[in-house]
1. What number of residues within the range B:183-211 are assigned to a helix (DSSP H, G or I) and under 20 Å from the mean Cα position of the chain (by Cα)?
2. Of everything in the range B:265-302, what is of a type in the set (A, V, I, L, M, F, W, C) and either within 9 Å of another protein chain (Cβ to nearest Cβ) or buried (at least 24 other Cβ atoms within 10 Å of the Cβ) (or both)? Give them in sequence order.
3. Take the residues of the range A:27-71 that are within 8 Å of chain B (Cβ to nearest Cβ) and among the charged types (D, E, K, R): which is farthest from A:E278 (Cα to Cα)?
4. So, in the range A:225-240, of the ones that are among the hydroxyl-bearing types (S, T, Y) and out of contact with any Lys or Arg (no Cβ under 7 Å at 6 or more places or on another chain), which residue ends up nearest to B:L267 (Cα to Cα)?
5. Could you check A:I160 against (1) of a type in the set (A, V, I, L, M); (2) crowded, with 24+ Cβ neighbours inside 10 Å; (3) within 14 Å of chain B (Cβ to nearest Cβ); (4) in contact (Cβ under 8 Å) with a residue 40 or more places away in the chain and say which number it fails?
6. Being out of contact with any strand residue (DSSP E or B) (no Cβ under 9 Å at 6 or more places or on another chain) and closer than 30 Å to B:I137 by Cα narrows it down to one residue among B:G363, B:G357; which is it?
7. Filter the range A:73-131 for residues that are of a type in the set (A, V, I, L, M, F, W, C) and within 11 Å of another protein chain (Cβ to nearest Cβ) and give the result.
8. If the requirement is being at pLDDT 95 or above, hydrophobic (A, V, I, L, M, F, W, C) and closer than 25 Å to B:P269 by Cα, which of these qualifies: A:I118, A:I93?
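The values are calculated or read from the model by the stated rules, or taken from the named source; none is laboratory data. If you're wondering where the values come from, they're calculated on a predicted model, not measured in any experiment. Virtual Cβ from ideal backbone geometry, glycine too; neighbours counted across all protein chains shown.
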There are 2 protein chains.
Amino acid sequence: MPKISIKGQKMPESPIRKLVPYAENAKKRGLNVFHLNIGQPDIKTPSVALDAVRNNDIEVLAYARSEGSETYREKLAAYYKKHNINISAQDIIVTTGGSEALLFTLGSITDFGDEIIIPEPFYANYNGFSIANGIKILPIVSTIDDGFSLPKIEEFEKLITPKTRAILICNPGNPTGYLYSKEEIEKLKTLVLKYDLFLIADEVYREFIYDGHQHHSVLSETGIDQNAIMIDSVSKRYSMCGARIGCIVSRNKEIIQATLKFAQARLSPPTYALIASEAALETPQNYFDEVTEEYVDRRNTLVSELNKISGLKVSTPKGAFYCIAELPIDDADDFAQWMLESFNDKGETVMVAPASGFYSTKGSGKNQIRIAYVLNKKSLIRSVELIKLALEQYKN
Amino acid sequence: MPKISIKGQKMPESPIRKLVPYAENAKKRGLNVFHLNIGQPDIKTPSVALDAVRNNDIEVLAYARSEGSETYREKLAAYYKKHNINISAQDIIVTTGGSEALLFTLGSITDFGDEIIIPEPFYANYNGFSIANGIKILPIVSTIDDGFSLPKIEEFEKLITPKTRAILICNPGNPTGYLYSKEEIEKLKTLVLKYDLFLIADEVYREFIYDGHQHHSVLSETGIDQNAIMIDSVSKRYSMCGARIGCIVSRNKEIIQATLKFAQARLSPPTYALIASEAALETPQNYFDEVTEEYVDRRNTLVSELNKISGLKVSTPKGAFYCIAELPIDDADDFAQWMLESFNDKGETVMVAPASGFYSTKGSGKNQIRIAYVLNKKSLIRSVELIKLALEQYKN
């Protein structure tokens, strides 16, 4: 039998997927499972986007331009201008989701055996994109006690070798909800200029910033035009995860040229999703205001409820819709599985994402979970109550 | 300035793209350009697919399952059964186009520096997927004089090394239109079993088979369940290239497991396109009958018109909608560009794809072009007339 490749063997299973069969079994046993494990919001997609697809008059569902149409990219550039990011349509390659944007970016800037540095905990699928590209992730731990702020620059410098190609950040962060400050971005700027590295910022949660904080994009920073690459996606912004439209944005012409060739090889982003994404740019501001209000409300509820659990530690997120909670137990993987397999209160239980899957350093985050606050307030309150009851039972 | 990777530099530009600026200039000068260069059919997408998307009642455009829904995969399995391919839903991973299917398949079975063997001329984007995966294509020339039939098995054996992972064929072929016989598939079967290789068959043109020939899938062959991987796509079958839905099909559980992990890392295929693709399976048989009739008519017209050009050689395609023509000149790249830059007859000219881009062996196919017969009969007749006139002028 011919062999699967090392890449094929190494591709990690998503940290959440491992628990899916247990959740399915729990449902088969008649339990109601609250899903705090996934980044699929319950927020409605803007009707302007949905209607554009319903009212399409396509007769031949043809290829779109590999890099996205001129009009869509021009409208995107106008959107970014409103967010203090001055770029032009020529600086954008439209991709099939933020996933493809990362895959093509890493493909364009790394060769087999190269390294990238990522503060951890980080979005678990960065592992998959790295393995697909045959490269190694060097993690630097950020801690819950420091609110997951940027690790010391000396820690980055310790890891830099001739094989280091880039530093990758997620801002605001999944799974931490941390928002990097302008000062932190500037520290990274000095670093990448000193060592001639790329700075890749995954900014797909840009619209979800709370408490009057300001998002500071890598592309708003001057002097790193050749180093800065921004990854974006419509998935979270417009609650249209199923569209699969993202983009790569950079003022570095070589990056755009190289990623364009990856885009051309796969021919076209999905045409229907492009229609929805272009129309979504007309979403009125009050949509975002309402969504932000809703998330702030959920976050406040979640954090205050979690803080009632003795021995639990939680870092208040400044953006996105995730938070990391440290539990007063040793093994959150086991606990998460146990909640699905052996626990229920009045026929209800909770599914959370064990945080160990978001760390690259073995053994890190073993007592942490990631909670996505993508459910309504009432469900969140009940979910935290269930976690509290489960912890009490589990510890006995 | 940080460096683009070797992969990033090596990614080839599509052989067709190079000519696009010349075609755009020709149009700016007011010329009517007949496009024989692209695989974008003018055939209408089945209304059953288009209507399903128009009538969707989505409120939250959510992620789909990474591997495609159970129902879609079950219906796909039923579709394959009708084509003498007995597989189950569990043998299918739904992908974002045939492109992603190839990318994930090569990722799952190859490591950096591995090799795959492909009869040439072959679909140019196989180069891009290989470079993205850091692997090398070893080509074997098939010739126009043999109608692009399978090269001798001894030729394959000469190229096999410990690094060889797979043989990749396109059946029926883009750019040749050649349809491999059952005997040829069986020869490949013996070969891959002997050397423990994968046999990947890109069968996206399965529905386009002419003159009463039968398509013989690698998955209809017994005894190579662990070796055979089929790549498919809805793009050409239902003239919905912009949907971006394809799939990987194999009875090898390890392959399905490995490609699933690639699919999970990118989360989801595009949801709207899945709706269209699932509905497209209800396309009535007379749609395919009419389309086949149309293509046969076009092919017959094209080939008989081309044969009127003195010194031109053409291989009659048995499937798909491409053919390779050998021109009585030395440099078809130059000729194709010249037709767009310096030639017109009554304000009209033609864009063709120089075939050199479909060969991996340097210098091969220099006097050949690929013609896609995706235009109506009248346009085809005029296009060939233009090629004829252009050749006469060009030679002087």
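1. The number of residues fulfilling the criteria is 3.
2. Of everything in the range B:265-302, those that are of a type in the set (A, V, I, L, M, F, W, C) and either within 9 Å of another protein chain (Cβ to nearest Cβ) or buried (at least 24 other Cβ atoms within 10 Å of the Cβ) (or both) turn out to be B:A265, B:L267, B:A273, B:L274, B:I275, B:A276, B:A280, B:L302.
3. Top of the filtered list is A:D42.
4. Of everything passing the filter in the range A:225-240, A:S235 is nearest to B:L267 (Cα to Cα).
5. (2)
6. Just a single option satisfies the conditions, and that option is B:G363.
7. Scanning the range A:73-131 gives A:A101, A:L102, A:L103, A:F104, A:L106, A:I109, A:F112, A:A124, A:F129, A:I131.
8. Every option except A:I93 fails the conditions.
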